[in-house]
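Please read the structure below before turning to the comments.
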Amino acid sequence: MTEEFEPACRRMEWLDPFYKAVWEKAYADALPISGTFELTPRCNFDCRMCYVHLKAEEIPKFGKELSAKEWLRIAAQAKEAGTTWLCITGGEPLMHPEFEVIYRELSQMGFFITLQTNASMIRGNILSLLEEYPPRLAKVTLYGSSDAVYEKVCRVEKGFTRVDEGLRHLWERKIPIQLVSTVIRQNEDDVKRMAFYAFQHGLPWMATGGIRQSVRGASYDVNELRVTEKLDEEKRKEIRKYLKNPVDITRKPCTYCRDYRLGYWISWDGIMKFCGFMREPHISVKEQTFQNAWVELIRFEEQLQWPKECKSCEAASVCFKCAATLETECGSLYQVNEKFCDRIKKYWKEEKGE
């Protein structure tokens, strides 16, 4: 079947021709070539803006963490279905009680592994494990350039000192690193210093202020964290762009996800979905095979439509959003709220000069 939408792989300029062809084939055949295993909601940091972190005593209220045996069963089935690229994340994945077993076995299965971590625990046995089985990439969160900033953002002592030490262990062993930062009010003034830290050590760095309201149990008020003024200006720039090149309102919500027809996310309690920010769809991989869950996920992606209000909205041609935007900003995939819509319409009219 010919697809009418551009897959993510066609925007991956970094892929060489061979891998690009592999991803194109995966998209055409809806093969789960890329996956994320969210091992645990546990973390040794308490970052203000984390959408998944739960304290140990809170976990039973929301579900049960998968054991190493369960993760490895899922991984074996995922590999058979076509998964090659695998991101391991959390919470802090190193906090899973059986992390070493899981990581070693996944590495031996031959996945191209990206390890997403805060790097503060990379020492001792963990360091030896990563030396033996180096990940293809270590994606490390950097939330400040000093212990003082880490205390404001992550509410821990000596946070930067520990992260810096872990990063040094990684680059001394020539493990590729990607730094990623979330900018909130508590570290906004430190952005230039974080950028300099990355430049000083020759590390690629990405920063975002796009914080989403958690719908998965973590508790915070997103409006107390967002650097609202800068985000508003970014939204205005975006609307100016789409006034010239309108949004294609015929595209389905899931087509804006980089994993559309290519990838999946499995949460710490064994639920498959296409985005870690979301609750839906609620597809269990504990009660069925991976392949059956994947087929159900693809069916969900193809059937999901925009709310009827979006289809008839006068500002639809400048309102760029994804399914996660709807659920986290409006509370549901199937409706929009007035607050969200009024903001877009206000900026749209102002940019048109009305």
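Structural remarks
- Screening segment 284-297 for residues that are part of a helix (DSSP H, G or I) and polar (S, T, N, Q) and picking the one that is surrounded by the most Cβ atoms within 10 Å (Cβ to Cβ) gives Gln291.
- Listed by first and then second residue, the pairs with beta-carbon distance under 7 Å, at least 6 apart or on different chains, first residue in segment 327-354 and free of Cβ contacts under 8 Å to residues at least 24 places away in the same chain, second among the charged types (D, E, K, R), are Phe340/Glu329.
- Top-ranked residue in segment 160-175 [being outside any helix (DSSP H, G or I) and either over 25 Å from the mean Cα position of the chain (by Cα) or of a type in the set (D, E, K, R) (or both); ranked as nearest to Ile122 (Cα to Cα)]: Arg173
- Here Val180 clears all of (1) in contact (Cβ under 8 Å) with a residue 12 or more places away in the chain; (2) in a helix (DSSP H, G or I) except the condition numbered (2).
- Within segment 61-79, being in contact with a Pro (Cβ under 9 Å, 6 or more places away or on another chain), under 23 Å from Gln108 (Cα atoms) and assigned to a helix (DSSP H, G or I) holds for Ala68, Ala78.
- So Gln116, is it under 19 Å from Gly35 (Cβ atoms), in a helix (DSSP H, G or I) and touching a Ser or Thr at 6+ places or on another chain (Cβ under 8 Å): no
- Per-region count, segment 213-245, residues touching a helix residue (DSSP H, G or I) at 6+ places or on another chain (Cβ under 7 Å) and over 27 Å from Asp164 (Cα atoms): 9
- When the test is whether a residue is part of a helix (DSSP H, G or I), under 25 Å from Met49 (Cα atoms) and not acidic (Asp, Glu), Cys341 passes it.
- Test: residue in segment 45-60 that is part of a helix (DSSP H, G or I) and either modelled with pLDDT of 95 or more or surrounded by fewer than 20 Cβ atoms within 10 Å (Cβ to Cβ) (or both): yes
- Pick from segment 240-255, criterion touching a Ser or Thr at 6+ places or on another chain (Cβ under 9 Å) and among the β-branched types (Val, Ile, Thr), ranking: surrounded by the most Cβ atoms within 10 Å (Cβ to Cβ): Val247
- Scanning segment 184-216 for residues that are more than 14 Å from the chain's Cα centre (by Cα), within 16 Å of Leu231 (Cβ to Cβ) and not polar (S, T, N, Q), we see that the one that is surrounded by the most Cβ atoms within 10 Å (Cβ to Cβ) is Ile184.
- Some residue of segment 298-305 being part of a loop (DSSP other than H, G, I, E, B) and either on the phi < 0 side of the Ramachandran plot or small (Gly, Ala, Ser) (or both): yes
- Only one of Cys313, Cys322 that is under 27 Å from Asn223 (Cα atoms), modelled with pLDDT under 90 and out of contact with any Gly (no Cβ under 6 Å at 6 or more places or on another chain): Cys322
- From the options Arg258, Arg236, residue that is in a helix (DSSP H, G or I) and not hydrophobic (A, V, I, L, M, F, W, C): Arg236
The values are calculated or read from the model by the stated rules, or taken from the named source; none is laboratory data. Fair warning: this is a prediction, and the values are worked out from it, not measured in the lab. For neighbour counting, all protein chains shown are included, and Cβ atoms are generated from backbone atoms with ideal geometry for every residue, glycine included.
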